[in-house]
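> Once you've had a glance at the structure underneath, I'll fire off some questions.
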Amino acid sequence: GMCSPGQVYTVSRGKSGMIGVFRLESQMLPGSGKFERTGIGSDRDAKEATNTAFNYLKANGGRISGSISTSTKDYVNYQDLQGIGMTGKLALPTLIALCSVALGRPVLSSTVILGEISISGTMIKVDELPNALQVCLDSGAKKVLLPMTSAAELATVPADLIGSFNLIFYSSAEDAVYKALGVE
């Protein structure tokens, strides 16, 4: 259903090798621009991905919205909802969670964020799209945010699975933020 601003769901492969659901919950507090994360433990890939998101936001936040500030204290808690081990595919979901809380706008109801970005904002396609979409369906998602780089892979997904969702394609990190938050 409808989440609070800063709450985001993503589906990707965890450390155990299984594909599962991860929830991000963000808060923005007065402070000096420190980015704090809990729930990822010592996972190097997860830390790198979250740093990528924060650094991308610092460099490009003004293009998303003039009201986004990275000089406040941002806090994000990551939860592995199925106990499969943390994922390293967290840059785009983290970016969307931070923008959502900064703008006070929740992500569209029943939406899962798929895909990833590099530090330069390059879109990275979804690994094993059919399996990821099946986990989305099993988790109750109704909308799936998907990078254009994964569009060609839809041919490998059963039609009834594709028909289970409102697929929302994005072509850049900024586009993903706008579409996740329902901004036209």
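The values are calculated or read from the model by the stated rules, or taken from the named source; none is laboratory data. Computed from a predicted structure; not experimentally measured. Backbone-built Cβ (ideal geometry, glycine too); neighbour counts: all protein chains shown. Accessible surface is based on the protein model in full, side chains and every heavy atom, while ligands, DNA and RNA are left aside. Shrake-Rupley method; radii C 1.70, N 1.55, O 1.52, S 1.80 Å.
> Which of the residues spanning the range 36-51 are under 14 Å from D80 (Cβ atoms) and in a strand (DSSP E or B)?
Within the range 36-51, R37, T38 qualify.
> Find all pairs meeting these conditions: Cβ atoms under 7 angstrom apart; at least six residues apart or on different chains; first residue within the range 140-167 and within 23 Å of I117 (Cα to Cα); second residue basic (K, R) and part of a strand (DSSP E or B).
Listed by first residue and then by second, the contacts come to F165/K143; N166/K143.
> Scanning the range 85-105 for residues that are of a type in the set (V, I, T) and closer than 19 Å to G31 by Cβ, which turns out modelled with the lowest pLDDT?
If we take residues in the range 85-105 being of a type in the set (V, I, T) and closer than 19 Å to G31 by Cβ, then V101 is modelled with the lowest pLDDT.
> Can you confirm whether D160 is of a type in the set (D, E), modelled with pLDDT of 90 or more and either closer than 26 Å to K15 by Cβ or in contact with a strand residue (DSSP E or B) (Cβ under 7 Å, 6 or more places away or on another chain) (or both)? So that I can check it myself, show each step before the final result.
Values: of a type in the set (D, E): yes; modelled with pLDDT of 90 or more: yes; either closer than 26 Å to K15 by Cβ or in contact with a strand residue (DSSP E or B) (Cβ under 7 Å, 6 or more places away or on another chain) (or both): no.
No; evaluated as a whole, the condition is false for this residue.
> Within the range 85-102, track down each residue that is in a helix (DSSP H, G or I) and either among the acidic types (D, E) or open to solvent by 20 Å² or more (accessible area, probe 1.4 Å) (or both).
First, pick out the residues of the range 85-102 that are in a helix (DSSP H, G or I): 91-102.
Matches in the range 85-102: V101, A102.
> Separate question: Pull up the range 44-67, narrow it to residues that are over 15 Å from A97 (Cβ atoms) and touching a helix residue (DSSP H, G or I) at 6+ places or on another chain (Cβ under 9 Å), then point me to the one that is most open to solvent (accessible area, probe 1.4 Å).
Checking each candidate, the answer is R63.
> Would you confirm whether any residue within the range 68-84 is closer than 26 Å to Y178 by Cβ, surrounded by fewer than 20 Cβ atoms within 10 Å (Cβ to Cβ), modelled with pLDDT of 90 or more and out of contact with any strand residue (DSSP E or B) (no Cβ under 6 Å at 6 or more places or on another chain)?
No: zero hits.
> For the range 68-84, which positions are more than 12 Å from S26 (Cβ to Cβ), in contact with a helix residue (DSSP H, G or I) (Cβ under 8 Å, 6 or more places away or on another chain) and among the hydrophobic types (A, V, I, L, M, F, W, C)?
I68
> Another one. Out of curiosity, is F54 of a type outside the set (S, T, N, Q) and in a strand (DSSP E or B)? Give the steps one after another, and end with the answer.
On the way: of a type outside the set (S, T, N, Q): yes; in a strand (DSSP E or B): no.
In short, no.
> Which members of the range 1-34 meet the condition of being more than 16 Å from the chain's Cα centre (by Cα) and closer than 19 Å to V126 by Cα?
Correct list: K15, S16, G17, M18.
> Return the pairs, sorted by first residue and then second, in which the second residue is open to solvent by 40 Å² or more (accessible area, probe 1.4 Å) and among the β-branched types (V, I, T), the first residue lies in the range 66-93 and is within 19 Å of E36 (Cβ to Cβ) and without any contact (Cβ under 8 Å) to a residue 60 or more places away in the chain, the beta carbons are less than 6 Å apart, and the residues are 6+ apart or on different chains.
Sorted first by the residue in the range 66-93, then by its partner, the pairs are N77/T38.
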